[in-house]
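The values are calculated or read from the model by the stated rules, or taken from the named source; none is laboratory data. Since this is a predicted model, take the numbers as computed values, not measurements. Ideal geometry is used to build each Cβ from the backbone, glycine not excepted, and the neighbour counts take in all protein chains shown.
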Amino acid sequence: MSDNYLPASASNRRTFAIISHPDAGKTTITEKLLLLGSAIQVAGSVKGKRGPHATSDWMTMEQERGISVTSSVMQFPYHERTVNLLDTPGHEDFSEDTYRTLTAVDSALMVIDGAKGVEDRTIKLMNVCRLRDTPIFSFVNKLDRDIRDPIELLDEIEDVLDIQGAPINWPIGMGRHFKGVYNLYTDTIHCFKQGHGHTLHPDERIQGLDSDAARTLLDDEYDDFVDTIDLVRGASHEFSLEEFLAGRLSPVYFGTALANFGVREMLDDFVEWAPKPQARETTVRTVAAEESDFSGFVFKIQANMDPKHRDRIAFLRVCSGQYTKGMKMHHVRLGKELRIADAVSFKAGDRVLVEQACAGDIIGLHNHGTIQLGDTFTAGESLQFTGIPHFAPELFRRIRLKDPMKAKQLQKGLQQLSEEGSTQVFSPLRSSDLIVGAVGQLQFDVVAYRLKDEYKVEAIYEPVSVYTARWVDAKDPRKLEEFRKKAEEHLSVDGGGHLTYLAPTRVNLNLMQERYPDIVFRATREH
Ligand code: GDP
């Protein structure tokens, strides 16, 4: 298969993620994209969710729950491009991971369930994309069912998501009467073929809405459809590459991922229009993807992808230059040179040793505890990529060991889990307790499960009266010291050694902020 891959050149890379509300069809579209990219022979093998590629023990837990909590990277060739698709976990509680993944892409595909329209999670994720003006493709899914009026859906995308929608194609019918999509720009009908979910059917086209073939296909709906198209052309935005690249306008496609229809039409345009690897901000300067020196940052750490190895993989987005096997990298935070010969990539979901990777690619570095989320690697320059967020947790538990002899394992387990960013650990200044914080309940369950499964630690998770956490800092070290003395009772150190205020109530937090105006209380921390 590697023969299909193009030489590592930043200009042909297209790196994106799918954003959607759970159940809109992200997994199904991912399968079809991989099928189109010939990265897999049979659809249905993308995730552990569907069985065959379950890669770790604790994934059994997500299978039981019917959710997907892991995310991975898939690379496939398409036309003249190499596409990197970064999977994002779908469950609410794992949104932090998703946010960070969105910092590592150059564009996104928004999938909308045509029957449901724009849903909560999509709104939240769009807001994250907007922070960096990430260009967005839109796909309205499930046209094989009765969906809402497409015009209404387009309005909703514009109003709710505050982005202009430019329909590229328009559906002919829906549900049992779905006949295909009409491309407004090429004046071509792509005819719908039902029931070829696992194989690619040939792209059957009719050229010209004005043709006899189009009249035959549309039959007595013909006149109505021509009127609709006039209306759509008149009332909607025209596609503009410039507006799209600025993140202000989204091309909109209709189709049904399950029936494997419309995804190809979307992908054909995607590889043409989606931006190549973009320049990235650092603490020092902007780094262009075309620069020859290597640079990149870690946006995700994942454990135990391969149960045989029990290792952790740090996912690094290459921002400039090339990775070549055996090269030396500068680990900026530690100020150390590392020789890396065993970076992996994720073609078709399988791990393979990378010989070479370029800007836009994601490589996996084996992490033995020296790599943290947000770490920057360069060819030697001291700079740090910015904008990779760490959010304050909202739920807290005090951990008590059932077996006090396991204190070391507990420390180690928690430290590793917090490096992955799935949970955060706080050590109060005044006690030897350990407090774990997470953004949702599911994360506690995962922590408990993994501590038991991987570190053989059984623990009790007690409620603790903490409302929220704020990272604290001050320009003047004396002010910070003063605050530290006064507020010691509620201060902790997090896994990265940062001083954190654990506020027992919202009122208390407000009070402290008023009382100590020189102290900065941060709800997010950049790595
Ligand atoms: P995810 O949660 O966004 O990953 O969604 P999935 O891809 O798992 O899809 C959720 C459900 O919707 C599954 O039962 C799919 O079979 C179904 N589904 C996905 N795409 C379509 C479609 O085009 N038409 C119909 N009728 N069902 C679909």
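Condition first: more than 19 Å from the chain's Cα centre (by Cα) and aromatic (Phe, Trp, Tyr). Can you find one or more residues in the range 262-271 that meet it? No, there is no match, as no residue in the range 262-271 is more than 19 Å from the chain's Cα centre (by Cα) and aromatic (Phe, Trp, Tyr). Kindly check whether there is at least one residue in the range 363-370 that is over 13 Å from Gln75 (Cα atoms) and modelled with pLDDT of 95 or more. Checking the range 363-370: not a single residue is over 13 Å from Gln75 (Cα atoms) and modelled with pLDDT of 95 or more. The residues listed here are Leu434, Leu509; of these, the one that is crowded, with 17+ Cβ neighbours inside 10 Å, within 34 Å of the chain's Cα centre (by Cα) and free of Cβ contacts under 8 Å to residues at least 40 places away in the same chain is Leu434.
Hey, any hits in the range 65-82 for a residue that's within 15 Å of the ligand (Cβ to nearest atom) and either modelled with pLDDT of 60 or more or in a strand (DSSP E or B) (or both)?
The first filter runs over the range 65-82 and keeps only residues within 15 Å of the ligand (Cβ to nearest atom), leaving 65-72, 74.
Then drop every residue that is not either modelled with pLDDT of 60 or more or in a strand (DSSP E or B) (or both), which leaves 72, 74.
The answer is yes, given that some residue of the range 65-82 is within 15 Å of the ligand (Cβ to nearest atom) and either modelled with pLDDT of 60 or more or in a strand (DSSP E or B) (or both).
Mind checking which strands (runs of 3 or more DSSP E) fall wholly inside the range 177-232 and carry at least 3 residues that are in the same structural domain as Ala259 (by the TED database), surrounded by 13 or more Cβ atoms within 10 Å (Cβ to Cβ) and at pLDDT 95 or above?
So the answer is 180-183, 188-191.
Within the range 124-176, being within 16 Å of the ligand (Cβ to nearest atom), within 16 Å of the chain's Cα centre (by Cα) and in a helix (DSSP H, G or I) holds for Lys124, Leu125, Met126. The sole residue among Tyr449, Tyr455 that is in contact with a Gly (Cβ under 8 Å, 6 or more places away or on another chain) and assigned by the TED database to the domain that holds Arg515 is Tyr455.
Determine if the range 477-485 includes at least one residue that is out of contact with any His (no Cβ under 8 Å at 6 or more places or on another chain), closer than 27 Å to Val298 by Cβ and at pLDDT 90 or above. Taking every residue of the range 477-485 in turn, none turns out to be out of contact with any His (no Cβ under 8 Å at 6 or more places or on another chain), closer than 27 Å to Val298 by Cβ and at pLDDT 90 or above.
Scanning the range 230-247 turns up at least one residue that is of a type in the set (Val, Ile, Thr), touching a strand residue (DSSP E or B) at 6+ places or on another chain (Cβ under 9 Å) and in contact (Cβ under 8 Å) with a residue 40 or more places away in the chain. Is it the case that the range 15-33 has a residue that's touching an Asp or Glu at 6+ places or on another chain (Cβ under 9 Å), within 18 Å of Cys358 (Cβ to Cβ), modelled with pLDDT of 85 or more and of a type outside the set (A, V, I, L, M)? Yes - at least one qualifying residue is present in the range 15-33.
Every listed requirement among (1) surrounded by 19 or more Cβ atoms within 10 Å (Cβ to Cβ); (2) modelled with pLDDT of 95 or more; (3) among the β-branched types (Val, Ile, Thr) is met by Val128 save one, (2). In the range 21-36, the residue that is farthest from the ligand (Cβ to nearest atom) out of those that are touching a helix residue (DSSP H, G or I) at 6+ places or on another chain (Cβ under 8 Å) and assigned to a helix (DSSP H, G or I) is Leu36. Please work out if Ser427 is small (Gly, Ala, Ser), closer than 19 Å to Leu491 by Cβ and in a strand (DSSP E or B). Yes: the conditions hold for Ser427. State the number of residues belonging to the range 256-274 that are crowded, with 19+ Cβ neighbours inside 10 Å and farther than 20 Å from Lys142 by Cβ. Adding up the residues that qualify gives 1.
In the set (1) of a type outside the set (A, V, I, L, M, F, W, C); (2) within 17 Å of Lys452 (Cα to Cα); (3) modelled with pLDDT under 90, the condition left unmet by Pro389 is number (2).
Is one or more of the residues making up the range 237-252 within 16 Å of the ligand (Cβ to nearest atom), in the same structural domain as Val140 (by the TED database), at pLDDT 95 or above and under 30 Å from Cys129 (Cβ atoms)? Yes - at least one qualifying residue is present in the range 237-252. Residue check: is Thr186 touching a residue at least 24 places away in the same chain (Cβ under 8 Å) and among the polar types (S, T, N, Q)? The answer is no for Thr186.
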